[in-house]
Amino acid sequence: MRHQRHVISILVAAAVLTACQSDPDDTTPAGGGDTSAPATAGPGRANDPLDNPEGTEPGLAALPVADLARARTLIGRVQTKGRGAKTGYDRDAYGPAWTDNVTDIPYGKNGCGTRDDILKRDGRSTKWKDAKGCVVNTTTLADPYSGKSIEFTKTKASAIQIDHVVPLSASWQMGAARWTDDKRRRFANDPLNLLAVDGPINSGKGDSMPATWLPPNKPVRCAYAVRYAQVSIKYELPVTDADKQAMLAQCGG
């Protein structure tokens, strides 16, 4: 009898073990621990700018140490020259604000304004004001500049602003004054040069370049420098020597 009970106990234990191993819903690792899903790119999840050369993935993630050499190499490709005058600068020279009527850039002519495209890209848990899914009514932003979470509502839209990483007036002083109107419109609406960020912080940035302004959130400063360099290289837009040295310094240069 004891032998029979022992055999039955072994068979029951084996059946339970088999069921646990074959259960597709059982995601608990052996010994317990974190059962959350691994981080993947998606709405509202920050990305390493080195892996986001088109600017179509959201946010800015701090670069791992292993990427710092790549970051410095990229920044090293940026050309330098002296800062020109702001004379003649006008926001209208870059076309209507957030126009969708721009070709040769991601999201161009997709039927939604550029501002909402960027809110959609960078936000999470987004709800729409229109049936088309263009006008963002509410969203939650993981702000790269402050490192905080910000709730956006259409009625308090100024809480989140869309930053031109390379400011328009700064680009004018560094050579955009000689560009065609089409190139300036592309530059102003290119998602590579745009980030949804904390409104007051962005207002404080103004038209500053890296030598005089960096995100308060220190862990993303290298990522910010990389994004600035990516825009500069794409548009053949130089920076000052001081700006380049400041960019390199953020990535351990």
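We did not get these values from a lab; they are worked out from the coordinates using the rules stated. Model, not experiment: these values are computed from the prediction. Cβ sites come from the backbone with ideal geometry, for glycine too, and all protein chains shown count toward neighbours.
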Review point. What ³J(HN,Hα) values, in whole Hz, does the Karplus curve 6.51 cos²θ - 1.76 cosθ + 1.60 give for the range 220-228 when θ = phi - 60°, with x put for Gly and Pro?
Key: 9, 5, 5, 4, 4, 4, 5, 4, 4
**Study point:** Neighbour cut-off at most 15 other Cβ (10 Å), DSSP loop, trypsin sites (Lys or Arg not before Pro), the range 147-240
**Key:** 148
Point to revise | Separation in nanometres of the label points that stand 7 Å from Cα toward Cβ, at residue 183 and residue 213 | key: 2.4
Check your understanding: What net charge do the residues around residue 208 carry, taking every other residue with its C-beta under 14 Å from that of residue 208, with Lys and Arg at +1 and Asp and Glu at -1?
Key -> +1
**Study point:** Length released on extending from residue 132 to residue 80, taking residue separation times 0.36 nm less the Cα-Cα span
**Key:** 14.3 nm
**Study point:** Length added when fully stretched, residue 236-residue 92, from 0.36 nm per residue minus Cα-Cα
**Key:** 49.7 nm
Study note, to complete from the structure: Per the rule of 0.36 nm per residue minus the C-alpha distance, extending residue 66 to residue 51 adds in nm 4.1 nm
